[in-house]
Amino acid sequence: MYLGKADVNTYDKGVEREFLVSNGTGNYGSSTVIGANTRGEHGLLVVRREDSTERTVLASKLEETLYAHNKKYQLSTNRYKDLVYPDGYRYLQEYQGTPFPSMLFVIHSIFLKKSIFMPQSGTSTIVKYELLAAPGEVGMDIRPLFAHRAIGDVSGSALKPAFDSSYSEEGVVGVSGRGHISHISFTASGDMTSQWSQKPLWYENVVYEKDEKTEGLSADYLWSPGYGSIKLRSGCVLYVVLSEEPVSYSLEEIKLLENETVERTAEFVRGAAIDSPYSGVQDMIQSSSHLVTDRKGASPAIFSGFPSVEQRARDTFISLPGLTLATGRTETARGILNRWLGLANAAGGIMPARVTHNGEPSFGDIDAGLWFIYAVDKFSRHVGYEYARLNYKKIEEVIERYFDGPEKLGAVMDSESKLIKYLGTPGTNHWMSGETDGEPLVTRKGYLVEVNSLWYNALSFMSGAAKLSGDSDAAEKYEKLASGCRASFEKVFWNKEKKYLFDWVDPTDGEYDDAIRPNAILSVSLPYPALSDELGRELFATSWDELYTTYGLRTLDPHHEKFKGRAEGRPDQKKKARLRGMAWPWLLGQFITAYMRFNPGSFEMGWSFVRPFTSHLRRGCLGGVAEYFDGMMPYIPNGDVLSAMSLGELLRVIDEDLKSS
């Protein structure tokens, strides 16, 4: 990822582009390439304490000032209520994303490079300044700004609590306030030494323009304990360490941490199995490293995205093929499957909906177990069926729960139709669940089309797995169930008038929803399609005509009376738009798979669905893909700036469907 001056030479261009660093535990650092924070979630050191469910912005940013030519040059950029000040973006000449975010500032003959990385060990963000060229000695002041607040708790003028700081003999500045403690230290090369000046200062009304607020702008108050000063010569390096615990690194220790971070990033890209001509693939692979954690001593996991950083079953299993199998991380994939399967078996076969930050499972997603079967199938096709054979009984326990419909699951197989019925049990959800002001975002009940597409897929897989395990009775049982399910599926869901599938059908009262929604695409995209090829082609054509956009499938037909094509207005209106018109890239992945199934060999057309993301990779979270987009021009990204499902599905189709040989 490279951006030149023309990409970042204005405030508006600069704040469009965000960088991200992380350490594999969900802790991260993120801002825009010009250093102006535009979200409450931005910060150079954002952590989650063990006793908290929320992430905390400890260190918000650094304010840098250079002194040369008898002048002062401020490299930082902030937006306040009435102005942008200072305008350090004017000195930014380029941005590079490999091996980690780096910005080059140029002031006449002074070239200063700023790089940001997070070591895997400890909880810290390290900012490196290299004076690449200068006509003489250059002075530099660095003033840290601290927030010490939850990411969604942007403070106001009435919430300016007491902050305090201390300075240790090791040169570590400790900052306490709002119930948190963080630290900053400086390490320089050669005979360069920094001097700390204790001069507290509040930065008031720093505006986060991308935050959602019902009225006005989101403005923060940040506290600085003072600043560090240093004199640099050409070739000198300064490291600034922002940390949760007090640490004082030697120059050799920091260089070792830096080299380990560089090697980890390079190894992640080298290990990827994707061989693609698409120019954005390496950037996507590098971004995927933030979403997959396989640190030694920790449970392997996939994070939902940034800044959400949750462990959700649906997100994990949908994104696993792209984020792990396509990138050559088969053992990480195995570990993730083992972990979730173990949690399900401990709960009597019910797959958790998510795992909390302290490792506890919570339940409620009716399709979590079915997406797990999907992920096991993808894993088996990639590395062989030994995993499915060895774990057959444990996997069978997950599928068997859909026959008795326990309360935690909220779904049960109808013995007559062989379809899964959503019971609507309080606390249980489908992927379009949610409400605002007590009103469901999308009303759904009875047989849900995507759940039953997944159910047929799961039954078909289990029939084959049972054969491999030598259980012929079970193989016959699942084969009969799959056959009955498929016959009922077409009979119950097919809408002859619209040449599409009903989104849901309630067998109790005969009600149904004929709105054109993207959930039906799974009936022709999963490994075992629930719909015949003849009807599937008709469905795909309708989906293409009514739901396809450049960056995903819309969640609702734009001709529908409840369609909301843009995430704008009040927060409740934005929430409604999420499932009433927004376009989701993960659904586009399923769409591309269906297209290639009906049009084998049409690789150029398949790539035509992927190539538009080249532009998006250079905006938003650089190298990443957002959670969802407006369903209308100009397709503004929303939700997580880096989404596991979005990125994972694109990597999956590139690896699975778009290889010409």
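The long axis of helix 368-383 is offset from the longest Cα principal axis of the chain by roughly 80 degrees. Angle check, please: helix 392-404 long axis (alpha carbons) against the longest principal axis of the chain (alpha carbons), in degrees 0 to 90, nearest 10. So the helix axis and the longest Cα principal axis differ by about 70 degrees. Only one item in (i) 40, 28, 24; (ii) 42, 33, 22; (iii) 48, 25, 23 matches semi-axes √(5λ) of the Cα gyration tensor in Å derived from the coordinates shown, and that item is (iii). Where both bridge residues fall in the chain, DSSP classifies roughly 95% of the beta bridges as antiparallel. Step through the table entries 160/231; 498/576; 378/408; 13/114; 113/574, compare each Cα-Cα distance with 31 Å, and write down the pairs that go over it. Over 31 Å Cα-Cα: 160/231; 113/574.
About its Cα centre, the chain has a charge dipole of approximately 920 debye under the convention of +1 per Lys or Arg Cβ and -1 per Asp or Glu Cβ, with nothing else charged.
Mean sequence separation of contacting Cα pairs (under 8 Å, at least six apart), scaled by the length of the chain, corresponds to a relative contact order of 11 percent.
Applying 0.36 nm per residue to the separation of residue 636 and residue 93 and subtracting their alpha-carbon distance, the gain on full extension is 192.9 nm. Treating r as the C-beta distance of residue 170 and residue 262 and R0 as 41 Å, the FRET efficiency rounds to 0.95. Sorted on the mean count of surrounding Cβ atoms within 10 Å across their residues, most packed first, peptides 188-200, 358-370 read 358-370, 188-200. Per-residue Cβ neighbour counts within 10 Å put 526, 58 in the sequence 526, 58, beginning with the fewest.
Each residue, residue 614 and residue 111, gets one label point 7 Å from its Cα in the Cβ direction; the gap between the two is 2.8 nm. From the Cα gyration tensor of segment 2-266, with a ≥ b ≥ c the square roots of its eigenvalues, which class applies: rounded if a/c is under 1.5, or else prolate if a/b is larger than b/c, or else oblate? Because its axes are fairly even, with a/c under 1.5, segment 2-266 counts as rounded. Straight-line cross-link reach from residue 445 at under 17 Å between alpha-carbon atoms covers these aspartates and glutamates, not counting any fewer than eight positions away in the same chain: 365, 367, 407, 414, 435, 503, 506, 509, 511, 513, 514.
Only Cα pairs under 8 Å and 6+ residues apart enter the sum, and on that basis the relative contact order of segment 2-266 stands at 20 percent. Projecting the Cα positions of 385, 361, 218 onto the charge dipole of the chain (unit charges on Cβ atoms of Lys, Arg, Asp and Glu, taken about the Cα centre) puts 218 furthest along the positive direction. By its C-alpha gyration tensor, with a ≥ b ≥ c as the square roots of the eigenvalues, how is segment 271-656 shaped: rounded for a/c under 1.5, else prolate for a/b larger than b/c, else oblate? Since a/c stays below 1.5, the shape of segment 271-656 is classed as rounded. Protection proxy ranking, highest mean first, for peptides 400-411, 447-458: 447-458, 400-411, where packing is the per-residue count of other beta-carbon atoms within 10 Å, averaged.
For segment 2-266, the Cβ-based charge dipole about the Cα centre amounts to some 620 debye (Lys, Arg positive; Asp, Glu negative; other atoms uncharged). Going by neighbour counts of Cβ atoms within 10 Å, the residues 89, 478 line up, fewest first, as 478, 89.
Taking each DSSP H run with n ≥ 4 as -39500 (n - 2.57) and averaging over every residue of the chain yields -9500 deg cm²/dmol at 222 nm.
For the pair segment 289-341 / segment 230-274, the C-alpha centres are spaced 25 Å from each other.
Overall, segment 265-321 carries a charge dipole of about 180 debye about its Cα centre when +1 sits on the Cβ of Lys and Arg and -1 on the Cβ of Asp and Glu, all other atoms neutral. Treating the angle as unsigned and between 0 and 90°, give the value, to the nearest 10°, between the Cα long axis of helix 533-546 and the longest Cα principal axis of the chain. Taking the Cα atoms of the chain, the angle to 533-546 is about 40 degrees.
Taken together, the values in this text are just the output of simple stated rules run on the coordinates, not laboratory data. This is a predicted model, so every value here is computed, not measured. Note that we place each Cβ from the backbone using ideal geometry, even for glycine, and neighbour counts take in every protein chain shown.
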